[in-house]
Amino acid sequence: MKSIIVGTAGHIDHGKTALVRALTGIDADRLPEEKRRGITIDLGFADLDLDGVRIGFVDVPGHERFVKNMLAGAHGIDVVALVIGADESVMPQTREHFDICRLLAIKSGIVVLTKKDLVDEDLLELARAEAEELVEGSFLAGAPVIAVSSRTGEGIEELKKALREVASGVAARSDDFVTRLPIDRAFSMKGFGPVVTGTLVSGKINEGDELDLLPPRARVRVRGVQVHGAAIKQALAGQRTAINLGGVEASALERGMVLAAPGRLRPTQIVDAAIQVLEDAARGIRSRQRVRLHVGAAEVLARVRVLDAGGLIGPGRQGLAQLRLETPIVGCIDDRLIVRAYSPQMTIGGGLILDPFAVKHRARDFPELRAALELLETGDRTARVAQFVIDSGLNGLRREDLAARTAWREEVIEAAVAATIAAGSILDVEGRLISRTAFADFDRRLLAEISAHHKQDPLSRGLPKETLRERFFAGATTETFRAMLFEVERRGAIVSEKDIVRLREHTREISADDARRRDSLEKVFRTAGVAPPSLNEAFTNAGLKPSEPHARKLLQLLIDSGALVKVHGEMLFHVAALDDLVKKLRAHAEQRADRAIDVGAFKDLAGISRKYAIPLLEYFDRQRVTRREGERRIIL
Ligand SMILES: Nc1nc2c(ncn2[C@@H]2O[C@H](COP(=O)(O)OP(=O)(O)OP(=O)(O)O)[C@@H](O)[C@H]2O)c(=O)[nH]1
Ligand SMILES: [Mg+2]
């Protein structure tokens, strides 16, 4: 069965609650204070089956002081019933509620002229004319205008027909989004514990599900689900839903919080938005203004920064603004928002979130920013993914970061990412999405830094990775940096050896002089055989000054090429001497059934002193030429 939400709207006392009762038989005013004062204070709910369509009514208060409560319910409605008392006609909250419906981009509705029994034909026609004038050029232009009396029941059947008609034109809620339920009521029920209610704006909620409670980021469990007063196994998008929660105290739950699919959405405190200012908001919206921001069922205070040099979005104008929230909310791209003045409280504009996780901007970036935000507003999914990834610069985004921005389901994200990669604007680097431009820039700078290093220090093998990151790419996390480096290496321009990176073509070209000195250093070790000199002796014998760094680099060249081997600390052997020893050890092993040798026998075999014997045997153990067994070695 199709489920839709119909919200009332209109000035105080114009008969919204009476109308809902005439339609459903349910009195949506449930608070004692509402009954006593005869006005609606907070949201009320009722439901009705209209041949094959399940209608959930959200009845809102008309009092100007309770517009905030009206907003907690208005965000999720499919169809508005704009209620205008025929006796009073259009009044201030008729306009304000209607403006809010327009700013929330509600798509369809009906105008209901109430209290038909109280007015004559002329007054009724006047109210009708004023109503039609009000909605001219809006989503309600041409909508049915139906006169009723909730007292006598006149017109109610006609209204039901019209509602049925409008309901059939309401598109099913998109299946592309993760489960999200903005909480508009939270209370504790005897015998049940914590219960929250709200309009399930997307996804499904099943009994037994785990959900995230945001912004507190708590994991909660669905103990029970009710829709229209009946316990059911599963609630669907577009239904008024009550959830009995486990794993949380009732006192921790508040209107404005959100239940969401686990691990998908995140709270935010700074958003970039497209804003439409109402004609009658005489002062417009300006930078540094403190406003009340309504998103979903939440109301928070926020500071405005108009993203335009003038710092003002004038009455009736559209513009871009950053909103810095005093407390976090859940907001995703395309979410509608309403902006109200801090004091006196009145609606001044609204719009939609373009970048839910914005950063602070510099005024000189405004032109570029405008283009980026326009892409986020009007682009298709591929363009939006590309833009979010571009905005994330060197660090890129993970798929879960996209989920938090878009509320798209995993499959939708996967498809959009695949299409964006195929279009060539982004790359997947080890699960991180990086814009092609950011990557190309990284690649170019990386190669430039490494080749500058090679040029300056031709004998060095390359640059340590961490030095490169700290010195030139401090903006990137170690994780991103490593992933990007890996990608550059995969493409073949660089080679990393343990923690050092070098250009692939880098060979340590050395001068003829250096080559000669390197060779004489090697010769010193080759000649010394199994009794190598200390480093200082070796340098001196090769005609090098031990103190100069250059000597060390020539030595490193010999180590890197494998000619010299570090056996222990600064004790180096020529590789030929070691090979020779291995041969002798193996020959010794052939002679003995147990293949064993002890330190004394090794000294004799090699013709060396104890000073060298122990480090050498330990080296051979490490190289798995020998294995220590008590006081002796087994030759492997
Ligand atoms: N005669 C007559 N009285 C009506 C009709 N509809 C509502 N009323 C009366 O008008 C008064 C206000 O009606 P409500 O339904 O409470 O008005 P409301 O729009 O819900 O008011 P708020 O929720 O406070 O904004 C009540 O005394 C109703 O009985 C109608 O069609 N005919
Ligand atoms: Mg009411």
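Quick notes on this one:
- Residues satisfying the stated conditions in segment 122-173, i.e. within 16 Å of ligand 1 (Cβ to nearest atom) and part of a helix (DSSP H, G or I): L123, L124, A127, R128, A131, I156, E157, E158, L159, K160
- Qualifying residue in segment 98-117 (condition: over 42 Å from the mean Cα position of the chain (by Cα) and surrounded by fewer than 17 Cβ atoms within 10 Å (Cβ to Cβ)): yes
- Residue-level analysis places T17 among those that are in contact (Cβ under 8 Å) with a residue 12 or more places away in the chain, within 11 Å of ligand 2 (Cβ to nearest atom), assigned to a helix (DSSP H, G or I) and not basic (K, R).
- Exactly one residue out of D27, D87, D49 is closer than 22 Å to P144 by Cβ, in contact with a Lys or Arg (Cβ under 6 Å, 6 or more places away or on another chain) and of a type in the set (D, E, K, R), and it is D87.
- Test result for F57, of a type outside the set (S, T, N, Q), in contact with a helix residue (DSSP H, G or I) (Cβ under 8 Å, 6 or more places away or on another chain) and either part of a strand (DSSP E or B) or within 24 Å of Q226 (Cβ to Cβ) (or both): yes
- Segment 597-623, residues that are more than 13 Å from P532 (Cβ to Cβ), surrounded by fewer than 17 Cβ atoms within 10 Å (Cβ to Cβ) and touching a strand residue (DSSP E or B) at 6+ places or on another chain (Cβ under 6 Å): D598, D621
- Counted as qualifying within segment 517-607 are the helices (runs of 4 or more DSSP H) with 3 or more residues that are in contact with a Pro (Cβ under 7 Å, 6 or more places away or on another chain), namely 535-541.
- Positions within segment 60-97 being in a helix (DSSP H, G or I), within 35 Å of the chain's Cα centre (by Cα) and either in contact (Cβ under 8 Å) with a residue 60 or more places away in the chain or away from ligand 1 (no atom under 13 Å from the Cβ) (or both), in sequence order: V67, K68, M70, L71, A72, G73, A74, E96, H97
- Screening D42 against (1) more than 13 Å from ligand 1 (Cβ to nearest atom); (2) of a type in the set (D, E); (3) within 34 Å of the chain's Cα centre (by Cα) leaves a single unmet condition, (1).
- Criterion violated by A22 - all others in (1) among the aliphatic types (A, V, I, L, M); (2) more than 9 Å from ligand 2 (Cβ to nearest atom); (3) farther than 19 Å from E88 by Cβ; (4) not in a strand (DSSP E or B) satisfied: (3)
- Some residue of segment 168-177 being under 17 Å from R240 (Cα atoms), in contact (Cβ under 8 Å) with a residue 40 or more places away in the chain and touching a His at 6+ places or on another chain (Cβ under 8 Å): no
Laboratory data are not the source of any read-out in this text; all were calculated from the coordinates shown. Here the structure is a predicted model, which means the values were calculated and not measured. Positions of Cβ are backbone-derived with ideal geometry, glycine not excepted, and every protein chain shown enters the neighbour counts.
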